[in-house]
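Visitor: Can you keep this structure in mind? I'll have questions shortly.
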Amino acid sequence: MKNIVKSNYSQLFGNISLLLEEARRKTVRQINTVMVETYYRRDSSLCSE
């Protein structure tokens, strides 16, 4: 019985870790996108002045 609980706990912990890692990657990707868009908008507005 303890092995089943330990196995389930390990699987749960692994799933949570994967979920957090995926969320981190998506967050970083979105932040990078916003930063690049902001940079180019700022740059293009400076060039048009």
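The values are calculated or read from the model by the stated rules, or taken from the named source; none is laboratory data. What you see is a predicted model, and the numbers here were worked out from it, not measured in a lab. A quick note on method: Cβ atoms are made from the backbone with ideal geometry, for glycine too, and the neighbour counts reach across all protein chains shown.
Visitor: Among the residues in the range 13-34, are any of a type outside the set (Lys, Arg), surrounded by 10 or more Cβ atoms within 10 Å (Cβ to Cβ) and modelled with pLDDT under 90?
Guide: Scanning the range 13-34, I find no residue that is of a type outside the set (Lys, Arg), surrounded by 10 or more Cβ atoms within 10 Å (Cβ to Cβ) and modelled with pLDDT under 90, so the answer is no.
Visitor: Give the range 8-49 a look and list any residue that's part of a loop (DSSP other than H, G, I, E, B) and of a type in the set (S, T, N, Q), or say none. Lay out the reasoning, then the answer.
Guide: Taking the range 8-49 and keeping what is part of a loop (DSSP other than H, G, I, E, B), we get 48-49.
Of everything in the range 8-49, just one residue is part of a loop (DSSP other than H, G, I, E, B) and of a type in the set (S, T, N, Q), namely Ser48.
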